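Peer 1: My questions will all concern the structure given below.
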Amino acid sequence: MIAVFAALAGGIMLTIGAAYMYYRLEWKAVIICAILVGTSMAVSGRAIDAPLLTAPFLVGCLAGYVFKKGKSFEFYLITISFALTAIFAGFFYYMMIVQNVDFIGMLREEMARFLASTGAPDDIRNGMLSEFDSSRNDIVARVPFSAFINSMAMAGIAYMMIRWVFSRMGQAVRGAGLEFFRLNDYFIFVLIGGLSVFLLVDKSDYPMLSSGGLNALLIAALLYLVQALGVIKFILIKRGIPTYVMPLAITAFMIAGLWTALFLFILLAGFGALDVWADFRKLVGKKEPEG
């Protein structure tokens with residue numbers, strides 16, 4: 001447990017350090033970060049550490065660029081989420097297919113070890129492991145979405161921390177925040193296309209195509225969920241309501257249970273997609289706000 005917190009603290013420090021370095025040195029910071037990642041890889045000699053070493057420097061440099069140039073939160077979140085997803089998912093499939101690394105088997109061993117440590121009865125433990133084994137292919141197929149949602153969460157947390165640090169400096173340029181997050185109108189076709197492929201393509205005949213449609217659907221829905229949160233924050237600010245009400249409400253839904261959280265996910269994703277036509281904030285045709 002201590003090692004996990006130490007690694008987390010180290011990642012946070014690297015991310016903030018990379019952001020500050022880019023803010024001061026701009027493109028030179030990218031070269032320095034690349035040298036640091038390469039040196040660390042050469043010293044450790046563990047290819048499996050490559051994504052974890054690259055992620056904090058990549059997030060930090062992009063955040064430094066965003067606060068230096070006054071770019072929007074939308075630009076930051078979409079860019080870094082897709083970049084990290086490409087790194088994590090690409091690395092996973094490369095190690096699994098080319099290097100024959102069984103990540104799912106390793107996860108199963110950790111799960112079995114955890115269940116044994118909790119003293120769960122044998123029938124419950126065997127049932128859970130059996131259910132895990134039956135969903136093995138689904139877990140592998142959903143790796144891109146899993147990587148995307150983790151990347152987005154990592155990027156969001158990093159953004160808040162770096163924004164707090166830079167606000168103390170008093171020099172960073174603030175771009176448009178979450179309340180102005182709005183996807184391109186044509187992005188709705190990604191949601192529609194993913195849903196169509198997932199519903200119409202036979203999974204047994206075309207498993208890769210079906211999985212691709214499912215991942216596209218889930219990723220698009222997640223981005224429209226973020227857009228819905230932006231609409232809600234915009235309305236709260238316009239009406240003078242404290243914005244901390246929104247995260248408190250979401251936390252309450254998450255605590256209420258899995259099905260409640262799933263219902264909230266679908267509801268917000270639909271609300272965000274509806275904003276394509278409704279334009280609740282009347283942003284279409286307006287210049288992107290600065291600050």
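The values are calculated or read from the model by the stated rules, or taken from the named source; none is laboratory data. Keep in mind that this is a model prediction, so the values were computed, not measured. Backbone-built Cβ (ideal geometry, glycine too); neighbour counts: all protein chains shown. Heads up: the accessible areas ignore ligands, DNA and RNA and are worked out on the full protein's heavy atoms, side chains in. Shrake-Rupley method; radii C 1.70, N 1.55, O 1.52, S 1.80 Å.
Peer 1: Round to the nearest 10 and report in Å² the accessible area of residue 203, as given by a 1.4 Å probe over the protein chains' heavy atoms.
Peer 2: The accessible area comes out at roughly 110 Å².
Peer 1: For residue 245 and residue 135 in the same chain, what is the full-extension length gain: residue separation times 0.36 nm, less their Cα-Cα distance, in nm? All intermediate terms of the calculation are to be shown ahead of the outcome.
Peer 2: Numbers: separation 110, 0.36 × 110 = 39.60 nm, distance 3.71 nm.
So the extension gain works out to 35.9 nm.
Peer 1: Provide, as a two-decimal number, the C-alpha radius of gyration of the chain over 2.2 N^0.38 Å, N being how many residues it has.
Peer 2: Details: Rg = 21.0 Å, N = 291, 2.2 N^0.38 = 19.0 Å.
It is 1.11.
Peer 1: Kindly flag which residue pairs out of 68/238; 28/233; 69/233; 203/282; 28/71 have an alpha-carbon separation exceeding 29 Å in this structure.
Peer 2: 28/233; 203/282
Peer 1: How high is the relative contact order of the chain, in percent, with contacts defined as C-alpha pairs under 8 Å that are six or more residues apart? Walk me through the intermediate numbers first.
Peer 2: Values: 276 pairs, mean separation 53.7, N = 291.
Value for the chain: 18 percent.
Peer 1: On to the next question. In whole Å, what is the distance between the alpha-carbon centres of the range 109-166 and the range 9-82?
Peer 2: Here the answer is 25 Å between Cα centres.
Peer 1: Principal axes first, then extents: for the Cα atoms of the range 90-239, list largest minus smallest coordinate on each axis, whole Å, largest first.
Peer 2: Cα spread of the range 90-239 along its principal axes, largest to smallest: 55, 42, 35 Å.
Peer 1: Tell me the accessible surface of residue 21 in square angstrom (1.4 angstrom probe, heavy atoms of protein chains only), to the nearest ten.
Peer 2: In the full protein context, residue 21 sits at about 40 Å².
Peer 1: Also, quick follow-up: Hey, with R₀ at 22 Å, roughly what FRET efficiency would residue 31 and residue 79 work out to, going by the Cβ-Cβ distance, to 0.05?
Peer 2: Details: r = 20 Å, r/R0 = 0.89.
Efficiency at R0 = 22 Å is approximately 0.65.
Peer 1: Before I look further, what does the range 96-181 give for accessible area per residue, probe 1.4 Å, in whole square angstrom?
Peer 2: Values: 5140 Å² over 86 residues.
Using a 1.4 Å probe on heavy atoms only, each residue of the range 96-181 averages 60 Å².
Peer 1: Which of the DSSP-defined H helices in the chain satisfy a minimum axial length of 20 Å, computed from C-alpha atoms, and a minimum mean Kyte-Doolittle hydropathy of 0.0? Don't skip to the answer; put the middle values down first.
Peer 2: Numbers: long enough: 2-25 (34 Å, 1.51); 27-44 (26 Å, 1.79); 50-69 (29 Å, 1.17); 73-97 (35 Å, 1.66); 103-118 (23 Å, 0.45); 143-169 (38 Å, 1.03); 207-238 (46 Å, 1.62); 258-278 (30 Å, 1.92).
What comes out of the filter, once short or polar helices are dropped, is 2-25, 27-44, 50-69, 73-97, 103-118, 143-169, 207-238, 258-278.
Peer 1: Nearest 500 deg cm²/dmol is fine: what mean residue ellipticity at 222 nm does the chain get from its DSSP H runs of n ≥ 4 alone, each adding -39,500 (n - 2.57), divided by its residue count?
Peer 2: Values: 12 runs with 227 residues, N = 291.
The helix contribution divided over the chain gives -26500 deg cm²/dmol.
Peer 1: Order 13, 208 by their accessible area, 1.4 angstrom probe, all chains in place, largest first. List each step's numbers first, then the result.
Peer 2: Numbers: 13 145, 208 165 Å².
Most to least solvent-accessible, the answer reads 208, 13.
Peer 1: At a probe size of 1.4 Å, how large is the accessible area of residue 185, to the nearest 10 Å²?
Peer 2: For residue 185, solvent-accessible area is about 60 Å².
Peer 1: Of 104, 31, 97, which has the most accessible area with a 1.4 Å probe, and how do the rest follow in descending order? Please list the in-between numbers first.
Peer 2: Working: 104 10, 31 85, 97 115 Å².
Of 104, 31, 97, the descending order of accessible area is 97, 31, 104.
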